[in-house]
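Everything below concerns the one structure shown next.
Where a number appears in this text, it was derived from the coordinates with a stated rule and is not lab data. Worth saying up front: this structure is predicted, and the values here are computed from it rather than measured. Heads up, the Cβs are rebuilt from the backbone with ideal geometry, glycines too, and the neighbour counts pull from every protein chain shown.
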Amino acid sequence: MTYSTHEQLEQSLLTCAACPLRQSAIGPTSYNGSPLSPLAIVGEGPGGVEDEYGVPLVGPSGQLLDKALASVAITRDRIYTTNVIKCRPKNNRTPTIEEGEFCATAWLDQELTFVQPKVIIALGSVALKYLLSPTARITKDRGQWFTTKYGIPAIATYHPAYLLRLVGKDLVKAKWEVYYDLKAAVEKCQ
Ligand code: URA
């Protein structure tokens, strides 16, 4: 299905029941921030808090993301934030490549076509695999620019949920890497 406006697309998303993921979710999650932004963040999919509120990255991962963005002097209201997967997989399991393809082909592709950001940040492995290639690896490919099928440059960085599991030197190193990735993305928009 194709839509004539971003708003129409988002209205329709709210009633989507095209795959089994919808059965265990409260409902599909939409986007937050500005559809006019030159910068888009694409996350994995909703967790429990996002499922409850219907918007992406507002739980613990989202709060850490906000802090990381503050370190490069940008706030979420100036960014378009969305996910590859719109419905929370049961027990927060990682969505499969096939689930990502099915959902993103229906929604994310059109969303980004309407928003036309100048730069995309792929947040974590699921977004990287959808936007670059199913064989991409976050440990190998993060921090490197690639061109998405939309013709828009993208950079991948670690998902904040990964940072939340790290401690000590590993955490410090990963935080710096995220900082440099976000800084590169913000600078490329200017
Ligand atoms: N993780 C994501 O990638 N997106 C969300 O919306 C929540 C957690």
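Counting only C-alpha contacts under 8 Å and six or more residues apart, can you give the relative contact order of segment 29-189 as a whole percent? Write down the numbers at each step before the final one.
On the way: 288 pairs, mean separation 42.1, N = 161.
Computed value for segment 29-189: 26 percent relative contact order.
Using a 10 Å cut-off around each Cβ, can you sort Leu65, Leu9 from fewest to most neighbouring Cβ atoms?
Values: Leu65 27, Leu9 20.
The most exposed by this proxy come first: Leu9, Leu65.
³J(HN,Hα) across segment 35-46 via Karplus (A = 6.51, B = -1.76, C = 1.60, θ = phi - 60°), whole Hz, x for Gly/Pro?
For segment 35-46, the Karplus curve yields x, 9, 5, x, 10, 10, 10, 10, x, 7, x, x Hz.
Between Gln63 and Ser133, what length comes free when the chain is fully extended (0.36 nm per residue of separation minus the Cα-Cα distance, one decimal in nm)?
On the way: separation 70, 0.36 × 70 = 25.20 nm, distance 2.79 nm.
Going from the current span to full extension adds 22.4 nm.
Tell me the label-point distance for the pair Leu36, Lys140, using the 7 Å Cα-to-Cβ offset, in nm and rounded to one decimal.
Once both label points are built, they end up 4.2 nm from each other.
Need one word for segment 1-48: rounded, prolate or oblate. Basis is the Cα gyration tensor (sqrt eigenvalues a ≥ b ≥ c); a/c below 1.5 gives rounded, then a/b vs b/c decides. Before the final figure, lay out the partial values.
Details: a/c = 2.52, a/b = 1.31, b/c = 1.93.
Cα axes put segment 1-48 in the oblate bin.
Can you list the residues of segment 33-64 with backbone N under 13 Å from a point 7 Å past the Cα of Tyr162, pointing along Cα to Cβ?
Residues 44 qualify, since their backbone N sits under 13 Å from the label point.
Output needed for segment 135-188: three equivalent-ellipsoid semi-axes, defined as square roots of 5 times the C-alpha gyration tensor eigenvalues, in descending order, whole Å. Please list the in-between numbers first.
Numbers: eigenvalues 100, 33, 13 Å².
The equivalent ellipsoid of segment 135-188 has semi-axes of 22, 13, 8 Å.
Compare Gly124, Gly33, Gly47 in a GNM of the chain, Cα atoms joined below 10 Å, and give the one with the largest fluctuation.
Looking only at Gly124, Gly33, Gly47, the biggest GNM fluctuation is shown by Gly33.
Could you pull out every whole DSSP H run in the chain that spans at least 20 Å of Cα extent along its own axis and averages -0.5 or higher on the Kyte-Doolittle scale?
Working: long enough: 168-189 (32 Å, -0.42).
Those that clear 20 Å and a mean of -0.5 are 168-189.
Averaged over all directions, how much area does the convex hull of the C-alpha atoms of segment 1-113 cover when projected, in nm²?
Details: hull surface 27.1 nm².
Here the figure is 6.8 nm², rounded to one decimal.
Calculate the spin-label point distance for Tyr179 paired with Ile97, positioning each point 7 Å from the Cα along the beta-carbon direction, and give it in nanometres.
Distance between label points: 3.5 nm.
Out of all DSSP beta bridges in the chain, what portion is antiparallel? Express it as a percent rounded to 5. Walk me through the numbers before you get to the answer.
Details: 5 of 17 bridges.
About 30 percent, rounded to the nearest 5.
Could I have the simple spin-label model distance between Val172 and Val49, label points 7 Å from Cα toward Cβ, reported in nm to one decimal?
2.7
Nearest 0.05, what FRET efficiency do Ser71 and Gln23 give at R0 = 45 Å with Cβ-Cβ as r? Spell out each step's value before the answer.
Details: r = 39 Å, r/R0 = 0.87.
That gives a FRET efficiency of 0.70.
Can you give me the Cα centroid spacing of segment 87-128 and segment 24-65 in angstrom?
Comparing the Cα centres of segment 87-128 and segment 24-65, I get a distance of 11 Å.
With a 10 Å Cβ neighbour count serving as the proxy for reagent exposure, in which order, fewest first, do Leu182, Leu123 appear?
Values: Leu182 22, Leu123 29.
By the 10 Å Cβ count, ascending: Leu182, Leu123.
Which whole number in µm²/s is D for segment 35-190 by Stokes-Einstein, with the Kirkwood Rh taken over Cα pairs at 20 °C and 1.002 mPa s?
Values: Rh = 15.4 Å.
Result for D is 139 µm²/s.
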